[in-house]
Each structure stands twice: as C-alpha cells, then as structure tokens.
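There's a structure below that I have some questions on.
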Amino acid sequence: MDRETLAFAESHFRRLRGQPAGGAGASPGRVDFIASPASFSYADFFKRYLLPNVPCVFSCAFTEGWGCRRRWVTPGGRPDFQHLLRTYGDAVVPVADCGRQEYNAHPKEHMLLRDYLRYWTEHIESGYSSPRGCLYLKDWHLCRDSSVEDVFTLPVYFSSDWLNEYWDALDVDDYRFVYMGPAGSWSPFHADIFRSFSWSANICGRKKWLFFPPGQEEALRDRHGGLPYDVTSPALLDSHLYPRHGHCSPALELTQEAGEMVFVPSGWHHQVHNLEDTISINHNWVNGCNLANMWHFLQQELRAVQQEVSQWKETMPDWHHHCQVIMRSCTGINFEEFYHFLKVIAERRLLLLAEGTDSGAMEGSAGSGLGPHQAAFDVSRITEVLASVVAHPDFQKVDTGMFSPRPEELLQQLEEVVASTESI
C-alpha cells in the first residue's frame, strides 16, 4: 500500500463513521472482469473492489503459473484423477451429499480421497448418476494437512489476510480449502463465515454463481424469518411462504471459467453450482476493510443467542458467560477470542512499525510486502474496532483479568501509535 492509497482508505472510513462497509444497497448490475495482471495493481483492487465491497473476476492469466493448473488437470482440461490419486490418495477429506438437506447445508462424511476419486470416476461413467447421489468434496484443508507440492501462489490482492495469519500464529487451523466435485454438485445459499471476504479460483471446470448484495437476503426470508436453502427453488414463488420475495432484485449471475478467480465481498449471500467436473481453491479472509463487518456480525450472533435463552437470564448463574460459550459453539468464535484475534494482529503490526521493516515479514507465509502504510492502516482499523469492543456492555462482562495486555491498555497503546503515524 502506498501513501495515496492509505489516504484514500482513511477518507473512506471517515465517511462510514464506524458503520460496516458495503451495507445494504442495489446490485452493481454486472461483475467486472480483470483481464491482465500487468495493468492491475494492488491499489486498483483495493480502491475499486475491496473498499466498495463489490465482486470482480480475475482472468486465467492471474493463475497460469500455478502448479496445480499444470499437475491437477489433463491436457483436455479435465481433473487428472491419476495424479491426485498418486499424490494425495491417502488423505482423509470431507464430502457433502448434495442430495440431502441438513438445516440449510449438506450433511458431510469423511473418506479417503482415493475412495472419493473412485466414486467420482464411476459417477461419470454412469452418466452422472450414482446410487450414492451427488457427492461434493468440500472444505479440504490441503495446505494444513499435507506437505504439499507447488500448488499455487497467493495473489498479492488477497495477501492482507488476518484470518489465516492469526490461525497460522496459533498453528491449529486455517481457512484455506480445496473443493472438488462432479457436474451438478453445488453449495446452498449462504454468506461466508464471520462475514469474511473469500476468493475462489477454478483449477478446472466451470461454476455458476448467484450473488445477492448485503440486505437483499432479507427479502428472501420465509414467513418464519428463515433464509432459503436453494434460491432457485420454485417454492420461493409462493407468496404465502415467502411474502417479501417480490421485493428482491434478481440475482447477480456470473459464470466462472477454468483458471479464473472470483472475489466474493463481505456479507454477500451467494449460491454456487458446478456446471462441469470442477476443482477449485478457496480462501476466507478478513482484514482492515471488513473488520467492522466481522464485529457487527458477532454482535448480531450474540444477540440471537441471548434472545434464544432469555427465559433463563434471571435463574441461570453466569448467564452472560454461558451465552458466550453457546455463541462460540455455534459461530466458531466469541467476544473473548475476537479480542485475542485483534491482539495478535495488533501486536504484529506494532512490532513491524517499531522496527520499520517491510510488512511482508509479518504477513504469515504470504510474504505480501505491502509496506508500512499497510501496517499503519491495519493499526488504525484495529483501533477503531477495539474501541467499540471495549465499550460494549457484553464485552465488559467478560472476565479479562488474565488478559495480557488488558484491552484498555492495548487500546491506549494503539491510539498513541495512530497519533504518531499520521505523518507516514
């Protein structure tokens, strides 16, 4: 990030005044296509798509050097089952049954990749039909679970990735996934975890995406307040069951070709269908641009938990603590862990600024090299959100006695650094 982009970002967030980025609004009508890496900089992506929180598609030129595009795909553009079997056949992978609904998702089982590839081959040979149904390998943590070959190079546009930086620092998890599935496999209607951004690169095959900008999903709720499982279902035309469906704009639709990458903005609900046998690499990520969205989402999640168990508020000892426990079980994170997430990223940025080193040394394995202006931007965004966290009545009920540093102390330190870096 350069000085001019930092000033642009600061002006953008001053206008928002603490509100989540990319709030309810009309669909842009089309998804921009980015053709050439040579003429598209990090600053271009940051200003045109990341800050405005709108999707875009990167051409296959951005992934042409990736090892997986050479090794995982046959010369005819099909999945190379033999290479995948030789290289990863003993990996245990999660597989979803696209023909069954469990709440608003597909139920999963685990199997060896060699068994999934055998199923997939037989599924194709049987005319895309199987007594086992349509199975979709989803959320395989290849990078975490394997000593992998040269698979891909993280694009600089997505390298300010606090979510994976945090989990890499803890060395317990990540949000980097591989998906593989036959034509007809699909992902139900959803918004990404923690209201993160995501990017999805097709290694081979084609996908159809249906996008709805933040707020549009409210018109898709049924009369009980639930979101649909499948936005293509004829049931949505039932005005008694979906009374507000007529107020929803049509989905923003795009077809993603082999080699192309899709940027999925924060809070955009979407549904995805594989039009051919498809392999993709997908990352979820959070940074200063959507941090306020994540915090807003976590507050909503806690309110939902509190409403669900409100009848026990007066009789349950440590009711507020139990709400945080339930929230973490349902959402994957609570207010305490969100503070630790902010703390880890903040301390790494403070060290970077103190040492005056390039931020590439601090951005996990990505080596982003986005520079001190990026670090200053990150500290500024953490400071604003942490101030809101510290002031939140429910966070004030969290036992922070063993936190080091205490939230108030970290906030004061960050505020001092923000004041001192205004001249960067």
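Taking the range 173-192, which residues are in contact with a Ser or Thr (Cβ under 7 Å, 6 or more places away or on another chain), part of a strand (DSSP E or B) and open to solvent by 10 Å² or more (accessible area, probe 1.4 Å)?
The one that is in contact with a Ser or Thr (Cβ under 7 Å, 6 or more places away or on another chain), part of a strand (DSSP E or B) and open to solvent by 10 Å² or more (accessible area, probe 1.4 Å): Tyr179.
Conditions: (1) more than 28 Å from Trp186 (Cα to Cα); (2) part of a loop (DSSP other than H, G, I, E, B); (3) within 21 Å of the chain's Cα centre (by Cα). Phe46 meets all but one. Number of the miss?
That leaves (2) as the condition not met.
Still on this structure, I have one more. So for the range 134-145 (the condition being out of contact with any Phe, Trp or Tyr (no Cβ under 9 Å at 6 or more places or on another chain), in a helix (DSSP H, G or I), on the phi < 0 side of the Ramachandran plot and exposed (fewer than 13 other Cβ atoms within 10 Å of the Cβ)), does at least one residue qualify?
no
Just to verify a result, which residue in the range 329-344, among those that are at pLDDT 95 or above and hydrophobic (A, V, I, L, M, F, W, C), is most open to solvent (accessible area, probe 1.4 Å)?
Top of the filtered list is Val344.
Taking the residues in the range 263-289 that are over 16 Å from Asp161 (Cα atoms) and of a type in the set (A, V, I, L, M) as candidates, determine which candidate is surrounded by the fewest Cβ atoms within 10 Å (Cβ to Cβ).
Leu275
Yes/no per residue for (1) at pLDDT 95 or above; (2) more than 20 Å from Glu257 (Cβ to Cβ); (3) surrounded by fewer than 19 Cβ atoms within 10 Å (Cβ to Cβ):
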site: Glu10; (1), (2), (3): no, yes, yes
site: Arg15; (1), (2), (3): no, yes, yes
site: Gly29; (1), (2), (3): no, yes, yes
site: Asp32; (1), (2), (3): yes, no, yes
site: Ala35; (1), (2), (3): yes, no, yes
site: Asp44; (1), (2), (3): yes, yes, yes
site: Asn53; (1), (2), (3): yes, yes, no
site: Ala61; (1), (2), (3): yes, no, yes
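In addition: Of all residues in the range 63-113, count the ones that are surrounded by 15 or more Cβ atoms within 10 Å (Cβ to Cβ), in a strand (DSSP E or B) and free of Cβ contacts under 8 Å to residues at least 24 places away in the same chain.
Adding up the residues that qualify gives 1.
Within the set of pairs 6 or more residues apart or between chains, which connect a residue that is in contact (Cβ under 8 Å) with a residue 12 or more places away in the chain inside the range 390-411 to a residue that is loosely packed, with under 10 Cβ neighbours inside 10 Å with Cβ atoms less than 6 Å apart?
Short answer, once both residue conditions are applied: none.
The values are calculated or read from the model by the stated rules, or taken from the named source; none is laboratory data. Computed from a predicted structure; not experimentally measured. Because the Cβ atoms are built from the backbone with ideal geometry, glycine has one as well, and the counts that use them run over all protein chains shown. Note: accessible area is taken over every heavy atom of the protein model, side chains too, but ligands, DNA and RNA are not part of it. Shrake-Rupley method; radii C 1.70, N 1.55, O 1.52, S 1.80 Å.
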